[in-house]
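Every number here is computed from the coordinates shown, using simple stated rules; none is lab data. This is a predicted model, so every value here is computed, not measured. Cβ sites come from the backbone with ideal geometry, for glycine too, and all protein chains shown count toward neighbours.
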Ligand code: T4K
């Protein structure tokens, strides 16, 4: 039990956890089912190229998304690229600045120009007015992003796209299993793209999918994801190799079966965080609605530095010393990342969110008692904010440099696991 600053690991106390508790710890479904499906695939000696497990995974994903067509892929980034190409986008494509870089990369990787826009200051979702303001003569499409599983403003974006004759796609990488009012996420725009990466609600180790009601678009995506092949000895389109393997589909199928349990666990975790953090000044869950129409797969804290008395980065440093590897998704915003920096960009809402949000661990690997321990650390920081801030104080300039460079105070580089703290 921690009660004062000296109990915090960053000041020499014993870490709350003896091994890292990551954001994105994968949900693992029934192992016996997985090994059985893998065994069947091995027995069949059919391991890729549209095997029966991939076909079944596509059928189930299409059903759950309420769409006619699903093409499973090796990941969502490739699926975005395929959707962009199959939709015939050209010139400029509008994408929100505040998203995982894959959304913007996919546009650039296809040889097009991503034009960034700002997001809503409260939800972090693409702002249709900001998107509309970026439309120019070369704009061919808009990609909305359903961040943290929460559907972005589809109706308004559809109106904007129709008025200007633009194609509309959705990056639903984080939103498989989410719903718009009255229907599942999947059928909006020309196509939507899901991710089944290990860190997602439903995972296929790595995986993605393009879903759509447009049969012709689906046929193009299907051909393109398999070298443009449409029949033996017949290549109809320029293609790539973005196929899902049978092993990935086996994991995906098992994960789909586990999904109701995963969602229930996430909802329980979310309620636990909410109860434990309610009343802590300057800290609030971004999406406190326990009845939200999504899988609650992301616990995102908004840290108000003035009210908490401690900057988000310092709170993250404190948590990381406790072995809670909180993440600053989506710091610093795509407009501040090296490939997209440009003097013209100014996105105050994306900047404010990138400076204030902190994502905490959830999922089936996280127990209620662990959430209580994480919340306890946050409460100690809040209760002793002036002392914590003073003991962590560093010259303002050094802090600014650290933030600009993206270096977390604890020295963590994205993709590099943190060393386990001694304790
Ligand atoms: N669009 C959006 C809006 C997205 O969020 C994403 C992906 C995409 C498009 C592209 O989808 P994919 O092409 O990946 O299908 C991670 C994921 O790799 C990425 O899929 C995800 N979004 C993003 C939000 O998170 P990083 O750069 O944060 O990865 P990394 O290596 O830092 O690991 C993430 C966390 O998960 C860490 O806390 C460690 C933990 N982890 C990870 C893996 C792989 C585990 O505990 N176990 C694991 O097996 O991108």
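Computed quantities for the displayed model
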item	result
Sorted by Cβ density within 10 Å, fewest first, the residues 366, 119, 387	387, 366, 119
Between 0 and 90°, nearest 10: helix 396-405 axis offset from the chain longest Cα axis	20
Nearest-ten-degree value, helix 246-277 long axis tilted from longest Cα axis of the chain	30
Zero-based 10 Å bins, Cα pair distances in the chain, whole percents	5, 21, 30, 25, 14, 4, 1, 0
The chain: antiparallel DSSP beta bridges as a percent of all, rounded to 5	55
Residue-averaged 222 nm ellipticity for the chain, from DSSP H runs of 4+ at -39500 (n - 2.57), nearest 500	-12000 deg cm²/dmol
Percent of beta bridges antiparallel (DSSP, region 31-254, rounded to nearest 5)	50
Full-stretch length increase - residue 14, residue 158 - with 0.36 nm per residue and alpha-carbon distance subtracted	46.6 nm
Helix axis angle, 31-44 relative to the chain longest principal axis, alpha carbon, degrees	30
230, 380 arranged by Cβ crowding within 10 Å, fewest neighbours leading	230, 380
Contact order relative to length of region 31-254, as percent, for alpha carbon pairs under 8 angstrom and 6 or more apart	27
Residue 213 versus residue 68: modelled label distance in nm, points set 7 Å from Cα along the beta carbon direction	0.9
Choice from 171, 32, 214 showing the highest fluctuation, given a GNM over the chain with Cα pairs closer than 10 Å	32
Label-point separation, residue 307 to residue 233 (7 Å along Cα→Cβ), nm	7.0
Estimated inter-spin distance, residue 368 and residue 32, nm [label 7 Å along Cα→Cβ]	2.7
Gaussian network model of the chain, Cα within-10 Å springs - most flexible of 186, 363, 136	136
Length gained when the stretch residue 109-residue 389 is fully extended (0.36 nm per residue, less Cα-Cα span)	96.6 nm
GNM top mover of 45, 220, 302 - the chain, alpha-carbon springs below 10 Å	45
Efficiency of FRET between residue 240 and residue 261 - r from beta-carbon atoms, R0 25 angstrom, step 0.05	0.10
